[in-house]
Amino acid sequence: MTQEAGKSDTAQALRAAQAALAAEHAAVYGYGALGGRLAGGRRSDATAACDAHRARRDALARTVRDLGGTPVAAHAAYALPFAVRDPATAMRLATVLEDRVAGVYSDLVRAARGPLRQYAAGALREAAVRAVRWRGTGVAFPGLTEKAAPPENTAEAGATGVTH
């Protein structure tokens, strides 16, 4: 491998790690928003998930620094994709958060090599398992669900039977 290829690989891994870090910041925020709408075992699940995302966030910040970057900072607030008003919408938001996190980790798996790739695969697996627990069912390819869905309002969407 040439030195230029090595720099390119590192740059790709850094970009993917930064995206994963940004997603972890958003997940921590999202779990804070939804936790108050849950009780009992589901609230404990949300607390455990939030703790896991905090740990991943902190580890990714170190990884970004190790790759020569400055870790992306968390925003003061994040726009939620819908209002969280009850346990059902809280669980739906948790599913969305985990699916999004799985998506960025799938990108990191593709961009990274060695231990970072193993780390990303583990994080992808954990997010997929949490999403199944929140959703109640699995998906064929965790981390790729958003990419597999055709965009709305396009000819491609119409060709697959999705209405415009």
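What follows draws every value from the coordinates through simple rules; no lab data is involved. Owing to the predicted nature of the structure, the values given are computational and were not obtained by experimental measurement. Cβ coordinates were reconstructed from backbone atoms using ideal geometry, including for glycine residues, and neighbour counts include every protein chain displayed.
Set the Förster radius R0 to 22 Å, insert the Cβ-Cβ distance between residue 8 and residue 66 as r into 1/(1 + (r/R0)^6), and round the FRET efficiency to 0.05. Walk me through the intermediate numbers first.
On the way: r = 17 Å, r/R0 = 0.79.
Given R0 = 22 Å and the Cβ-Cβ separation, E is 0.80.
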Other-chain or far-sequence residues with amide H under 5 Å of residue 38's (modelled H): none
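Length gain on complete extension for the stretch residue 117 to residue 73, per 0.36 nm per residue less the alpha carbon to alpha carbon distance?
On the way: separation 44, 0.36 × 44 = 15.84 nm, distance 2.27 nm.
Taking 0.36 nm per residue and subtracting the Cα distance, the gain is 13.6 nm.
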